[in-house]
Every structure is written in C-alpha cells, then in structure tokens.
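A short worksheet on the structure shown next.
The values are calculated or read from the model by the stated rules, or taken from the named source; none is laboratory data. This one's a predicted model, so the numbers in the text were calculated from it and none came from an experiment. Note that each Cβ is placed from the backbone with ideal geometry, even for glycine, and that neighbours are counted across all protein chains shown. Please note that ligands, DNA and RNA were not included when accessible areas were found on the heavy atoms of the full protein model with its side chains. Shrake-Rupley method; radii C 1.70, N 1.55, O 1.52, S 1.80 Å.
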4 protein chains.
Amino acid sequence: MLRLAIIGAGRIGQVHAKTIASHPAAELVLIADPVAGAASRVAKSIGVRATGTIDEVYSAADVDAVVVCSPTKHHVDQIMAAVAAGKAVLTEKPVDLSVERVDQCLAAIAGNEHRVMVGFNRRFDPGVVELKARIDAGEIGALRQLTIVSRDPAAPPANYLINNGGIFRDMTIHDFDMARFLLGDFVEVAASGHAFIDGIGEIGDIDTATVTLTTASGAVCTILNSRECAAGYDQRIEAFGPKGSLETANLRSTGVQFNGPAGTGVAGPYLPFFLERYAHAYTNELDHFITAIESGQAPKPSVLDGRGALLLADAADEAAKQHTVVTIA
Amino acid sequence: MLRLAIIGAGRIGQVHAKTIASHPAAELVLIADPVAGAASRVAKSIGVRATGTIDEVYSAADVDAVVVCSPTKHHVDQIMAAVAAGKAVLTEKPVDLSVERVDQCLAAIAGNEHRVMVGFNRRFDPGVVELKARIDAGEIGALRQLTIVSRDPAAPPANYLINNGGIFRDMTIHDFDMARFLLGDFVEVAASGHAFIDGIGEIGDIDTATVTLTTASGAVCTILNSRECAAGYDQRIEAFGPKGSLETANLRSTGVQFNGPAGTGVAGPYLPFFLERYAHAYTNELDHFITAIESGQAPKPSVLDGRGALLLADAADEAAKQHTVVTIA
Amino acid sequence: MLRLAIIGAGRIGQVHAKTIASHPAAELVLIADPVAGAASRVAKSIGVRATGTIDEVYSAADVDAVVVCSPTKHHVDQIMAAVAAGKAVLTEKPVDLSVERVDQCLAAIAGNEHRVMVGFNRRFDPGVVELKARIDAGEIGALRQLTIVSRDPAAPPANYLINNGGIFRDMTIHDFDMARFLLGDFVEVAASGHAFIDGIGEIGDIDTATVTLTTASGAVCTILNSRECAAGYDQRIEAFGPKGSLETANLRSTGVQFNGPAGTGVAGPYLPFFLERYAHAYTNELDHFITAIESGQAPKPSVLDGRGALLLADAADEAAKQHTVVTIA
Amino acid sequence: MLRLAIIGAGRIGQVHAKTIASHPAAELVLIADPVAGAASRVAKSIGVRATGTIDEVYSAADVDAVVVCSPTKHHVDQIMAAVAAGKAVLTEKPVDLSVERVDQCLAAIAGNEHRVMVGFNRRFDPGVVELKARIDAGEIGALRQLTIVSRDPAAPPANYLINNGGIFRDMTIHDFDMARFLLGDFVEVAASGHAFIDGIGEIGDIDTATVTLTTASGAVCTILNSRECAAGYDQRIEAFGPKGSLETANLRSTGVQFNGPAGTGVAGPYLPFFLERYAHAYTNELDHFITAIESGQAPKPSVLDGRGALLLADAADEAAKQHTVVTIA
C-alpha cells in the first residue's frame, strides 16, 4: 500500500484524488493547497487530511509519495523538495517551461531519478499501450510515418493561456511525448500555425498548429493540433510502416448509430475531453507508478523524458516563429 | 458475339438494353414491345431495330437469345415460344406467380433447360459473389444463421402492387433466391408482417415482413423486408457459422464522411435503389448468360430455381395469413 | 446510504459485491452462502461480514436490502422471505423457471411490489438506455422491426446447462426482456433452432435459436441467439421505424485498427463477455435500485416484467418444439 | 460529338482510349505513337485509325481535340503543335518538369488557354467533387487544416523513376493539385523524406515524403506520400474547419466484412490502384473537357494550374534537400 499526498487541489488534482481513492494498492492521506479551503473541500469529500501548508507534505511521516498537481511554475521546486524529503514523486506535465529549470531539477534529483515520474498520461491509454506493443512486436515493420491528430473540443479563455508557455509547451507537449514514445529521438523540427480564434493571437499564441519531426533514420512524425474542434475531442494516431498501418480511432460513450435521411452510420460525439477519454489512462498511470516505486525500478516517463518533450516544444516554437527548420543537436 | 432481342421496353428492359449495348460480347439487334412507340423510342436511342409485334422476335434469323422483360403474366408464354423457336432465354423474375404455370413452362422447355436462365440479379452482385465464394471455401464453417435485410427506399403506388402477387412473390422473391443460393433447400417457413403504409392494407397486401426459413439440418434464414426505408435502399446479408461471420454492408456513392456537432462518421445515403446498387450485377449476369449459352453449359439460376423461390413465397404467404408454420414437402 | 446483503457468493454474486463496494450510496454489510467458505472468502476480500446461514440475512437489523444471486430454484423463496422481513430485493434473473412459482411470488409480495426489482442488467447498458430514449423521443417513429443479436462467445459445459430450463429460459430471457422493454407486449411467438454443439442436443436443449415475436400492432421482433460465436460476445440491436433506424454496435476494448495485406479496418475482438460488456450496466442497475428504493418509487424491471419474459420463453419453447406459432393470451 | 486523337499508346493512353470509346459524346478517330505497332495494336482493338507519325494528328481534318499521353518531355511540344493546328488539348500531367518550359508553353498558347486542359484526374473523383462542393457550401467553415494521404501500393522499378523528376514532380504533383484545388495558393513549403526502398536512394530520389504547405491566411496542408503501402492504394483527404471536418475514405471493391478470431470488421483491400480507384474520375474528366471545349468555356485545371503544382513540387524538392522552409513569391 503506497501512501500518497497530493499538492494542488485544482481540476487535475481532483482527478488524481479520485483515482488514488479508488485504487486498491494506494492510500490517499493528505491534500495540500495554499488556497484556503481548496484542499479541505476536496479532502473532506474523500475523507482524508488537508493542509494549506505545502511543507507539511514533505514532513509527513505517513506520506511515501507525492503527486504534484500545482501550477507549472512550482513543479520543479516541489519535485526537488519532495525528493529531498525522501518522497517518490509523480508530477503533472510539463516539468517546467524552461529547459534550464528542468536541468536544475535533474541535477538536484541525481541518484533519485528512479523515484520520479512525469504524468504523460497518454502513454497509459489502453489504445496507445496496444499500439506501442504491436509496433514493438514488429507487426508493421519499422515506422516510416507517424501521424498524431490531437484537437481539443474548445479553447480555454485566452487569459488562462497567457502564462502557459504557448501551445507547443502547454498542449503539443503531450504529442511530443507520444512522438518520442513511439519513434524515439528527432533531429529536425518544422512547424506552421496560426491564431484563428478570437483573443489567441492577441496574447501572442496560436491555436492551430502543424508540426513535423524527423528522426535520424528518416521517419517523420506529423502532429496536427487545434485548440477547438466542432466534432469534439479528436484523438487519433496513425503509425505507418512497410508491413501495414495501425490506427487508434476516436472513442464514443456508446455504440449507437443512426441511419436515416440525415445520414447513415451516424455515430455520437467523441468522448468529450481528456477526463473521459483518458480515464483508464490515469488509473494505469498510477498502477505503473506504484509498481515501479514499490519495486525500486525507475518509472517511465522520467524527468529526462519531460526534458525531451520540452526540447521539441522549444524547437517547434522557434521553427514556427522563424519560419525555418530547426535542427536538434 | 451473342445476338439478343429484348421483349418489353419498360424500365427493366431499358436496363438490359444499355447493359447489352455496352457489352463487348453481346449485340443487341431488336427490341419488341406491343405498346406502339415504346420499343422504337428505346431502340432509336441505341440504334437497333424495333417492333410492336412480339412474334418477330421468335422468327428473326439474326436473334440468338431473348431477354424477357415483359409483365410477369407473359413470361411463361414468351419463354416457351422463344425456346420453341430455338432461342436461348434470359427471363426477368419471377417466372410466374403460379407454380402450376411454372411447371407447364418446365414441361415445355424439357431438354432445353440449359438454354434458359432466370434473372435473379443479386447472385451476380460482387459482394454476394465474394460472400458465396468465401462461404463455399469454408471460411466460416457450415452456416447456422443467415440474415437478409432487404428494404426498398419507398413503396410504389398501391395500384402498381395490385397485380403482382403480394410482397412475398414480388419483392421477397429475390431474398428467397438469395436464401436458396446460400443455404439450399428449406423444410419450414414462418412469416409475420403488417401493412403500415397507406393503401397497402386496402389491397390485401403487407409492406413489412419478417420470414424465417429452416433447413433440414437446422440452419435458419431470417429475411427482413420493408417496402420503405428512410435511410434508403437497405441491402445487407449476414452469414453466421461456427468459425466466424461474413457480412455484406451497404454501399454509398462516395466515401465522404462528416464529423461535427450533428454526429461523427456521418456517411452519405446508401446507393438509392436497385439500378445503382446492382449495376455491376446486371453486367455480370449478362456475362454469365452469354458464357453459358455459348459454351452449351446450363446457366444458373434456372427455371427450377425460379420455381424454388416461388414455392417459398407461396409458403410464406400462407404462413403469414394463417399464422402458422408451413412445412415444405 | 442503502445497506445491502448478498445471497450467493458465486460469479454473479461477486460482480454485485464489487459493484456495491465501490458505489458511494451503497454499503455492503453481509454476504451469505450455504457453501462453507464461499461467502467468507468473498467477504474477506472486501472487508464485510459473512455467513453460511441465509436466515441471518433476513434477521440482520443493519440490512435494508438483499441482492439475490443464488441458484434460480431458490430465488422465489428468498425473495418472499426477504420481503416478509421488510427488506427490499434486487433479484438476479430469471425469477423462476415456472410461471406458477412466479405467480406465487407475486401473490406473496402483493403490496410490496415497489420493493422488488429483477436484474435484467441490459436495460441499464448506456447504449440501450440511449436507444430507448431516442426511440421514445420519436426519432425513428413507431418501431416496425426490432432485431436483437445475442450470441455468447462459448457454450458452458452441457452439465451446467442441464438444470437451467433450456436456452429460452436461461439465455434468451435477457432478449425477451429487451424485446418487451423496447416494443411492449407480444401476441404471437414463432421459434426455430438446433443443437450444433456437441453435448447440447444430448440434454434435450438447443444452442442456436431464431425467435420472432409479433405485437398486436404488427411490429415484429427477431431474436438471433447462439451459445457460441467465434468473433466473441456479439450483442447488437437494430430498431427500424418509418423515420430511420438506430443500432447498438458491438464494443471493443480499444479503438486500434490495422490495415495491411490481411485486411483493412481490422478491429480487435468484441468485449469478451457480459462482465466486460455490461460492466457499466451493473453499476447503473444498482443506481436505479438504490434511488427507487430510497424514494419509495417502484424500480423497474419488476417481478411482473420477469413474468412477462418467462411467458415468452415458455411460448418460444413450445413453438420450437411443436413447430407452430404460439398465440399469447 | 467531339472527335479525338490520342498521342501515346501506353498505359495511360489506353485508359483514355477506352474512356473515349465508351463516351456517348466523344468519338475516337486516331491513335498515334512513334513506336511501330503500339498505336495500331490499341487502335485495332477499338476499331479506329492508327499512325506512327505524330504530325498526322495535327493535320487530320477529322480531329477536333488531342489527348496527350506521351512521355512528359514531349508534352509541351505536342501541346503547342496541337494548339497551333487548331486542336483543343487534354494533356496528361505534369505539363513539364521545368517551369521555364511550362512558361514557354503558356506564351505559345496565349489566347488559346481556354482550349487546353491538364489531366489532374482526381479533381473529378466523385468523392473529391462532393468534398469540394460541401467545403464551398460552407459546411465546415473556412479550412484550417487539410491532410492528404496518398500512398501507392508498390514502387515502380527504380529505372522507371530515373527520368521522372523525383517523387514531388512525378507523384506528389497530384497532391499539390489537390491542395491548390481545395485551399488555393500557398506561401511556404516545408518537406521531409527518405528513401527506404532498395534502389530509390541510389538514383537520388526518395520514396516516403511529408510536405506541409501554408497559405497566406495560415491554413496548412499536410501531404503524406509513400511509394509503397502494404494495405494497398491509400487515398484519403481530411478537411478540417471550425464547423467540423469532412473526410474521403478509402474505397473497396465490395462491402464484405469478416468477424472472427482474426479480427472484427475486417474489410477487404482498398481498390488496387489508380485505374480502379479513379475509374469514374477519368470519365468525369472527359465529360468536363468535352463540355468546356464545345461550349467555348475554359476547362479546369488549366496549364496555369499545372504550373502552380509544379512550383510547389520545385519548392518541396528544395525544402527537402536543403532542410529549410521555402517561401513562394
């Protein structure tokens, strides 16, 4: 039984709280949030302790591991503090918006890398797990083209986006991790995008992006992003190799289809957003974290994986802004 | 090069006229229709001879084979006359609405059965051909359940239906032939149906029917019919056996799909009706007829097959009217 | 918070135990099973009381409701005893294999009908719920044809089947409930089937069945059953009306598809069996039971619904054996 | 009735010969090919005149229009000669591998642009026609992302590829035309690719390419190409806009699907290659050409469209080789 504390009682903190509370091998003991009342409100509904003082998490003797769900700018400090206090850490993505800060984090946790995991939840989606396993089994041969479609149902308010580092570091970061998970390292990045949605361009961001990543062996990953999608949360991957292709299709809440004058084979909307689409992924992610920490094996993805995704985000940002192809050392 | 004449210049006659005109191994030489002008109008557009006198078809020295597209009540007389005149015959379905008349026909053409074919066009649909071949190859084992969905897009006017023998002899006859083609002979028939459409009940007919046919070995074929279908011409077959199932899905004119607030995976309408859905089947049917006649081998389906389908129609009619299970000798 | 006891610690009892244990408005307090050790093994894993004496369930002051998961022959006695003891009851299907016994049960619980629910779980499947709601909303008009495909992945051993009343009372009973749920009452039943699987015919049962049910207004429901299906657990419904059709498609564990020489659009197996396919249904069924009991409103389906399904099973059994159409009073 | 001659009796010349021969408003009168016997062999099978002297095409009084199906290097000379002789021209793509040569052609046909059409057949595919019409009707709003997947089933021998200008001018040229057809002009081009197939790298070409094209308004088209595809001829387009998306799915020869242990929903192979996939497109292309020429209206796509596609091919070639983003004036 791994005893966990959560830092950050916001939306994603609540997701983890529920996932932990219903996990047979995990015990949630403490929720911390500096916003008075936020932690206690969530903690009360689950029946665990709450605190407004983050340091209590590090000093609590009954906390084995910490799930970091705070705003991104606090991630690195909290990861370092938790590791220093002997806690294992599962941190939400991204590790930080700055590679330098991530490097500081890596230096600080040296020797304890096997105690820290980054929550790129999609790696644990059953469809992605199956896709990866079948690729690794050689079913379609070595990948030549990988296409990741990742479109959110609706953009958050522009003021939410203003401090999150731009679309590549905030949203595409998940797709960069998928690209690395399925294809490894990349040597070149090109990107093109535009702000179509009111307010996004005003804050210097874009809402629609196309990124191509090339590996040393010539395989290319294309990422298609949009902050809004009228059909819902559009999450698809196509892996193409010499022996065939594998796709992960969108999922719906039921299998009901309509046939009539308005169309045939009319299925319902996609699962609305990440909470529904990746519900199983959060559980599987926690499974992996618990198993890894308890067995002493390094969980994946690591902070180094977080750094790898961030490097791609930086490169894509530069490529899009400079209208150039960026080479990665 | 097989030289053909067509009797009957109506809708189905025109389908055959075009199919023959564009077939490299067939030559259309004559179109006959007692309605003044009907034959000549069609013949002119294709550039062949026309006549209002059916007998000219039998006496024409340059006619090798006759395609019978007249009203059903004339089929048997014209088949017999054509065969007596040494012509091969491809007749539209049904052979007749009366088994006695079909038996007279069979007696009259005795010794020339290999010269007469009945136009159950669906046997020649590429999907049905593939289904049959894969069943015969043992891909799903011996059939246990066969389901045929056959729904027309819209009912014809009730006055068109009044003399056609009822839904089982006019519409389901195609499905009875499919059932026999894929499952062989049946020993029991049950049927249930109703007239939902205005005017159909008034003429003593039904527009929606469900028929079950049981073979001696216990396999069951279910036929689902409707004279109208809001989604279009609904033509599907599912064959279920111990090793798997095979289905023929509905076809559309393009592969375009829409995803948006109104639904996802929204495909277009089914191919509108039999002319579009079975366009290839008419060509393949003609191919088979020509090849069989020129090689002296009996074409299929035969008049005996037409009789077999009619027996099932009679049984279904009785079963539905008497609310009983009808045993076939 | 509804406090529940479970009678019967077998497979389905364990399903309910887990469902109740993770339900926020339910508390599992006791598991009873006359087989020594069976109840305690399950109870221990969840951390609740166990007993080998069924009567303890009725006398326990902290038990508000009983979930009956015992062998079918005990259902009626236990329902009556529980109701007599003032408990609400959720009983597994079928209520009994004999209509007389069901009628005794109904007589015994008279006045308490609103305290007893029958666990036809499929009514609570999200796809079925959506289908029903859209039909009721008039999306496709009044149903004319309803087709229920229900095929198990593999037959249980023949000795398991020997005392369960035959395929219609054991397996089709679910489909009869679906038929009643979506189409109401029926006036005629026809059925045809066969034993294809080794051992099934020997015990006087069949493994493959086709049933047609006709309503007074002429709508027809067709049920296609098989005790084995090479493609997995095949669970589909098609509802056809004058304005269109609605289908519930099979579900898979992921959306991964393969395209290559072996085929295109190759999806994975269906969800393997009822535990996976109807996992959400069990939770929703419990939701409904709790809400109904706590609010004093009669839960559905009722024992009367259980009786209705059983009458159809009896009729189908007679129809198949007598090769006739059975009329229902 | 438009009277046509064909220059070039190779594979694509034969496609046009058959299309013209079966078109009611077209008459094929002459086939010319300098290879002795090639023209006469094709001409004989159709029953038209043949010549080994190309000039006879220009001087023939009974030829209204010429279909240029010769090797690419002869296209411009033959277009100019035919136009100078007063003939209308339908030329196969590409117009030429050099923009300078295309400009010479444009200068030479100045004033007769409405008499020359380039055979980008995909514009006439029913799926593409529907896609374009629905986009133009505003169904999904102004395009933001356009994805074109275009993969051939198998690479031709490397020695066939050696003189065709590389993948972008030979194969992607079709996709560049699609991109221009659906999105208009582009201002930036990026491309990445690799030679995975034996022999392709040796001749300085690549076989797998990913191209991104950006419009002035920020919309991005992504093209995914491969010279080989184990699943067959993979031809799909996805158009994504603020109000939804439209896709053209792959087509199969039948709608047969298999469900069993090897997979569910297993469809057959895609239509094998362009002759089958775009069979209707060739007929519709000829329709458009005849209608335009006979009515005096300029057919589309024009030589200017051919130039536009070639400019994109040149830019992609440079982008891929220089690892840079190429700006288009």
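Annotations for the structure displayed:
- Of all DSSP bridge pairs formed entirely within chain D, close to 55 percent run antiparallel.
- Rough spin-label spacing in nm, given labels placed 7 Å along Cα→Cβ, for D:T327 and B:V35: 7.0 nm
- Angle in degrees between helix D:126-136 and the longest Cα principal axis of chain D, rounded to the nearest 10: 70 degrees
- Of all beta-carbon atoms in chain A, the one sitting closest to the axis that brings chain A onto chain C gives A:S22, 3, with the distance in whole angstrom.
- Kirkwood Rh (inverse of mean 1/r, distinct Cα pairs), the range C:109-263, angstrom: 17.3 Å
- Kirkwood hydrodynamic radius over Cα pairs of the protein assembly as shown, then Stokes diffusion coefficient at 37 °C and 0.692 mPa s, in µm²/s: 94 µm²/s
- Evaluating kT/(6 pi eta Rh) at 25 °C and 0.890 mPa s, with the Kirkwood radius of chain D over Cα pairs in the Stokes-Einstein relation, gives 118 µm² s⁻¹.
- Between D:N159 and D:E276, the distance separating the two model label sites (each 7 Å from Cα on the Cα→Cβ line) works out to 2.8 nm.
- For the pair C:E100 and A:R134, label points projected 7 Å from Cα toward Cβ lie 5.6 nm apart.
- Chain A: angle of helix A:303-322 to the longest principal axis, Cα-based, in degrees nearest 10: 40 degrees
- Inter-copy separations for D:E294, label at 7 Å along Cα-Cβ, nm, ascending: 3.2, 7.6, 7.9
- Charge sum, other residues only, whose C-beta stays under 10 Å from C:I140's C-beta, Lys/Arg counted +1 and Asp/Glu -1: +2
- Charge sum, other residues only, whose C-beta stays under 14 Å from A:S302's C-beta, Lys/Arg counted +1 and Asp/Glu -1: +1
- Top of C:E139, C:E188, C:E228 by mean-square fluctuation, Gaussian network on chain C, Cα under 10 Å: C:E139
- Averaging the Cα positions of each part gives two centres, and for the range B:196-250 and the range C:99-143 these lie 28 Å apart.
- With 29 Å as the limit, the listed pairs C:K18/C:K87; A:K321/D:K321; A:K44/C:K300; D:K18/D:K93; D:K18/D:K132 have A:K44/C:K300 beyond it between alpha carbons.
- Average other protein chain Cβ within 10 Å of Cβ, residues C:209-220: 5
- Excluding ligands, DNA and RNA and using a 1.4 Å probe, chains D and A jointly bury around 3000 Å² of accessible surface, summed across both partners.
- Using θ = phi - 60° in the Karplus curve 6.51 cos²θ - 1.76 cosθ + 1.60, the 3J(HN,Hα) couplings for the range D:262-274 round to 7, x, 10, x, 6, 8, x, x, 5, 3, x, 7, 4 Hz; x is entered for Gly and Pro.
- Comparing B:S226, B:S98, B:S59 in a Gaussian network model of chain B (Cα springs below 10 Å), the most mobile by mean-square fluctuation is B:S59.
- Percentage, to the nearest whole number, of Cα pairs in the range C:2-119 over 23 Å apart: 22 percent
- For C:E188, residues with placed amide H under 5 Å, excluding near neighbours: C:T214, C:I328
- Split the accessible area of the protein assembly as shown by element, probe 1.4 Å, and carbon with sulfur accounts for 54%.
- Look at the alpha carbon pairs under 8 Å that are at least 6 residues apart: their mean separation over the length of chain D gives a relative contact order of 19 percent.
- If you plug the beta carbon distance of B:D198 and D:A21 into 1/(1 + (r/R0)^6) with R0 = 45 Å, you get a FRET efficiency near 0.40.
- Distances between copies of B:S253, taken at a point 7 Å out from Cα along the Cα→Cβ vector and listed shortest first: 2.5, 3.5, 4.3 nm.
- In this assembly of identical copies, the label point of D:D55 (Cα plus 7 Å along Cα-to-Cβ) is separated from its counterparts by 6.4, 10.0, 11.8 nm, sorted shortest first.
- For A:A25, the shell of other residues with beta-carbons less than 14 Å away shows a net charge of -4, using +1 for Lys and Arg and -1 for Asp and Glu.
- Rolling a 1.4 angstrom probe over the protein heavy atoms with all chains in place gives chain B an accessible area of 36 Å² per residue.
- Our coupling estimate for the range B:150-158, obtained by passing each phi through the Karplus curve with A = 6.51, B = -1.76, C = 1.60 and θ = phi - 60°, is 9, 10, 7, x, 7, 6, x, x, 3 Hz, Gly and Pro reported as x.
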